[in-house]
Amino acid sequence: MTADRELKKGSAELLILSLVEARQRHGYDIGKLIESRSGGELRFSAAGLYPLLYRLEQRGWLEGRWIERTGQRRRRYYRLTKEGRKVLAQQRTAWRNFVSAINRVAGLENA
Amino acid sequence: MPEHTRSPWDDEIRRRLAAARLDPATELEIARELAQHLDDRFDDLRASGFDADDARRRALADLDDDDVMRRELARIRRRESTIVPAGAPSRGSWLSDAWQDTRYATRVLIASRGFTAMAIFTLALGIGATTAIFSVVKSVLLSPLPYDPDGRLVRVLLTLPAPDRPQPRRMSPSLPAIRELRDRNDVLDSIGAWIGIPLTLLEGGSPERVTSIEVTPGFFETLNIRPTAGRTFDESDVSEPVVIISHGYWQRKYGGDPAALGRTIRTLNGDRTIVGVLPPDFSFIRSDFWLPIADLPVRGRAGWGGNVIGRLKQGVGVQAAQTSLSRLTGQLEAEGIWTKEAGVEVAGLHAWNVQTARPTVLMLFSATGFILLLACVNVGGLMVARGAERVRELGIRASLGASRSRLVRQLLTESVLLSICGGVAGACLAWLTLNLLISTLPLSIPADMQPEIDAPVLAFAMAVSAISGCLFGLLPAFRLTRRGEAVVKGGGSGSAITSRRFAGGMVLVQAALAVMLLVGASLMVRSLQRLLAIDLGFQPEGVLAIAVHPVLIGEDRDVRRSNFYREAIDRVAAMASVTAVGAIDTLPFDSVSYSSVEVEGTSQSVDVSPRVITPGYLEAMNITVKAGRALTWADRADSPCVVIVNEQTGKKLWGDASPLGRRLRRNAKSPWCEVVGVAQDTRHFSREAPVLLEVYFAAQQSRSTELTLVARGTNIEPLPALIRARLSGLPEPTLLQRITPMTHLVNRSAEQRQQRAQLLSALGGIGVLLACVGIFSLTAYAVARRTQEIGVRIALGASSRRVLQSVMSGFVPAIFGGVVLGLFASWAGGRALESYLFGVTPTDPPTLASVALLFIAIALLACYLPARRALKVDPVVALRAE
């Protein structure tokens, strides 16, 4: 079953920021990783992914630049800015707290 | 796929993006990114087994959420977008664009470290040299005199027409005339005069000779100087035994005690009472002792050697003062107070002080300007040479919608950043080498006007850097962006021939500039050589000048003085390694005097340069007596008066007839003196000045005066100490001022010319270095760019000679062309250097020829060395890269 649209929307920023934390990636790579690491539960179309990337870039959390490597197509890579790292840490904490709270209320935690 | 080629997805993507109504640059960039996404998706789907049509359909399905895309992208359209594609038309503030340009430029420059280091070094040389010389321009020419911040001080001179000279003779007005000017003018607040005179102090153990300054009342007021203690002089002090001392002397001798006022200072001519102390920052002239002017009879006539300064009234200019004083001196002339037919000249003191320094400073500034221009051309050429690597990048950015002006701005940012780094390095270089520069400057600069690297000079350095950056950056920027646009339009990266022509043009300009600098330096060096080759008429090598004087108090000073010098000469002559000793009143290359003599049998009075010498002087200086005899001790005071004249005087006064036996005298009251010898002509005061009319009078037959001994020895190095010992215990108290080798005095006269030659040679050397570095780099770039072509040639069997020829052929004609252009420009502009030259014209053919040959040889080597690398190209590697 595909995750609810609203949940997906709320977590999209966290997903993208965390995927570029370790290294810069291009849009297609980000989309594929989200799909593969979520086991197919989460999928972003290009129509949804790229505007999101641009929005994060506008906020100054991501920095995008065109890079051409030998033998490869020219692609636009995104990497985390300093501001983006702070936001990622905040969002991780917020999400962890949120999930933990939900689990306690809905009885999902182990006794 | 070439970057500017349309993608197969373009139509679909544009259709879907149209609804978002983005600005063209943003839409273009997003389209490119989505096209890449679709390409990747398509490839993955095909790899998964889908056929082409199916894969295409599925890939496009990724964009089907039109509404989402339109809505989300619209937010971007409405807001201040930070998605500014590199090179796209700017929509941000110029500040953010400039910051982005700067960051990008920094990355580009760091990526090409070699080029950046070379460019910064080259610019540092040019900007550093210009900055250092500008600090001299500022301190010497532009800054006001420290004691005249308002610029109201002027010099006042009496001028007499001199038909045989381009300029009138300038001299001091008489003291009575100065007083009249002071009392009757309406343009000057005050006026004063000063003259330096020797003063023999008898303070402390041994007598000491210092320079004191005699001044008229009103002198200190003219300079706006108030004493720290006591008072300045007034009319009642004229010729009185009082003295004002400097602040430094007051501190050293009296510890700054106010009770020093009223104490006396012992001098040879009597005690003087201290009446005032000058303030510590007084810097007009450096002297510890200031005396009131002595109203001597000689100072009742013009030309007594004093210097007259005045302070203009508020609001009065130099021209107005000139007009007013000209009128006044006309009246004074009618009253018999001002010299007949003499005019008056009023000149700003600053302008007067710098008039000799100005041409030299401006010449040096121009030379460094050449160096800077060379550096800019050098770096500009390098920027274009590495242009091939940038053309593609610029083409890509143009395809993203970047306007040409935007790209030009980006490239100019790189140039300006380079030049600012060069400027900072250059300012540091200037700061580090300033002291060295000052010591080699062919000028003397007062201590309180020393050049320094201060805020205005640094501002100048930065301004020069920014302008240089634009200068050397503009041409490459326009060139490269034009080629980038050609890439966008599919026209290729520009023809190789035009690139070669452009590089050749850069070489030509650099060669021309370097040759011009070299010609200037070579002419200076040749002038110096010509000057030093002049026969002085005497031999200073092996001769010591001994300034020893008696300190005479009491009666019969003239006789005692003569006996003193005779005794001193005898003592020195008796020393084993001394071969000849004599004495003279005006030592060559130290001082000279002028007066007139009357010639027997004519009514004419002739201006000559008289000397008073003892026997032995001509021998000590190795001045040949061409006819007759030298002076001897037998020519006593009670013997008939005799003189020796030089050849020039003989010719002037008596033509081809022998001067021997002819007679002349100083004036109507003096006895007639017979010419008993004709001496060789000498250059008495400077190598450059024409030979003077020299008349040697015997010291024994002249009024007693101070003399300087000259002693010739076989080995003069240990002599000074021995002479000091020999001259102690003379009958009179003795003042032994100094013992100097004559060569020091003689060489000192050529010092400024030597320094000028050295400095210009250094600048010429830097110019040649820069030009050769430029030629070397351009050739190296050409070899790198044409590696494949060279490989093909070698593979096809081209000989080493042919390969070298093909590489160097772009530059050798440019080198020769630049040399010709440089020589032509030197010939055309040679007049600017004429006043600095001696014995050589600005278009001296041997100089121009030797400069041309030297530069061609060095430049060809600079071209050959990197060209040789072309021979090492491996054709297999080169062809594989093709």
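Restricted to Cα atoms, chain B shows a radius of gyration and a Dmax of 39.6, 136 angstrom. Of the residues A:Arg43, B:Arg611, the one with the largest accessible area comes first in the ranking A:Arg43, B:Arg611, computed with a 1.4 Å probe on protein heavy atoms.
Isolated cysteines of chain B, defined as having no other cysteine beta carbon under 4.7 Å away, are B:Cys376, B:Cys421, B:Cys428, B:Cys470, B:Cys772, B:Cys863.
In this simple spin-label approximation, B:Ser800 and B:Ala825 carry label points 7 Å from Cα along the Cα→Cβ vector, and these lie 3.6 nm apart. The candidates B:Phe838, B:Phe115, arranged from most to least accessible area with a 1.4 Å probe in the full protein assembly, appear as B:Phe838, B:Phe115. Take B:Thr743: with every protein chain present and a 1.4 Å probe, its accessible area is about 40 Å². In this model, which of B:Lys253/B:Lys313; B:Lys340/B:Lys651; A:Lys32/A:Lys86; B:Lys626/B:Lys652 are farther than 27 Å apart at the alpha-carbon? Result: B:Lys253/B:Lys313; B:Lys340/B:Lys651 exceed 27 Å.
Peptides B:507-514, B:12-19, A:57-64 ordered by packing proxy, namely the average of other Cβ atoms within 10 Å per residue, highest first: B:507-514, A:57-64, B:12-19. Counting, for every residue in A:18-29, the Cβ atoms of other protein chains within 10 Å of its Cβ and taking the mean gives 2.
Start at zero, step by 20 Å, and the Cα-Cα distances of the protein assembly as shown spread as 10, 27, 26, 17, 13, 7, 1, 0 percent across the bins.
Per-residue ellipticity at 222 nm computed for the protein assembly as shown from its helices equals -17000 deg cm²/dmol, with DSSP H segments shorter than 4 residues left out and the rest contributing -39,500 (n - 2.57).
One decimal place: the segment B:Gln539-B:Ser48 gains 166.4 nm when fully extended, by the rule 0.36 nm per residue minus the C-alpha distance.
Distance between the 7 Å Cα→Cβ label points at A:Ala106 and B:Leu861: 8.4 nm. For segment B:176-277, the Kirkwood estimate of hydrodynamic radius, built from reciprocal distances between every pair of different alpha carbons, is 14.9 Å. The mean number of partner chain beta-carbon atoms within 10 angstrom of a residue's beta-carbon across peptide B:433-446 is 0. For the pair A and B, the buried accessible area comes to roughly 2700 Å² in total, with a 1.4 Å probe and the value rounded to the nearest 100. Remark on segment B:22-37: accessible area falls by at least 10 square angstrom from chain-alone to full-complex state for B:Glu29, B:Ile30, B:Arg32, B:Glu33, B:Leu34, B:Gln36, B:His37, probe 1.4 angstrom. Averaged over peptide A:39-46, the number of partner chain Cβ atoms lying within 10 Å of each residue's Cβ comes to 3.
With the simple model of a label 7 Å out from the Cα in the direction of the Cβ, A:Arg96 to B:Ser670 spans 11.1 nm.
B:Thr360 sits among other residues whose Cβ lies under 12 Å from its own Cβ, and their net charge, with Lys and Arg +1 and Asp and Glu -1, is +3. The radius of gyration of the Cα set in segment B:700-851, together with its Dmax, comes out at 30.3, 98 angstrom.
Protection proxy ranking of B:856-864, B:614-622, B:801-809, by the mean of other Cβ atoms within 10 Å over each peptide's residues and highest first, is B:614-622, B:856-864, B:801-809. Let me spell out the model: positive unit charges on the Cβ of Lys and Arg, negative unit charges on the Cβ of Asp and Glu, origin at the Cα centre of the protein assembly as shown. What dipole size does that give, in debye rounded to 20? Roughly 3740 debye for the protein assembly as shown. How much net charge surrounds B:Leu158 when only the other residues with a Cβ under 10 Å from the Cβ of B:Leu158 are counted, with Lys and Arg +1 and Asp and Glu -1? Taking every other residue near B:Leu158 into account, the sum is +1. With all protein chains kept in place, the per residue accessible area of chain B amounts to 45 square angstrom at a probe of 1.4 angstrom.
Couplings for segment B:373-387, taken from phi via the Karplus curve 6.51 cos²θ - 1.76 cosθ + 1.60 with θ = phi - 60°, read 4, 4, 4, 5, 4, 4, 5, x, x, 5, 5, 6, 4, 8, x Hz in order; Gly and Pro are left as x. Across the accessible surface of the protein assembly as shown, with the other protein chains kept in place and a 1.4 Å probe, carbon and sulfur atoms take up 55 percent. The B:Cys470 and B:Ser403 beta-carbon pair, evaluated with R₀ = 30 Å, returns a calculated FRET efficiency of approximately 0.95. Taking all protein chains together and a 1.4 Å probe, the residues B:Asp54, B:Asp148 rank B:Asp54, B:Asp148 from largest to smallest accessible area.
The values are calculated or read from the model by the stated rules, or taken from the named source; none is laboratory data. Computed from a prediction, not measured in an experiment: that's the story for all the values here. Quick reminder, even Gly has a Cβ in these numbers, built from the backbone with ideal geometry, and neighbours come from all protein chains shown. Surface areas here come from the heavy atoms of the whole protein model, side chains and all, with no ligands, DNA or RNA. Shrake-Rupley method; radii C 1.70, N 1.55, O 1.52, S 1.80 Å.
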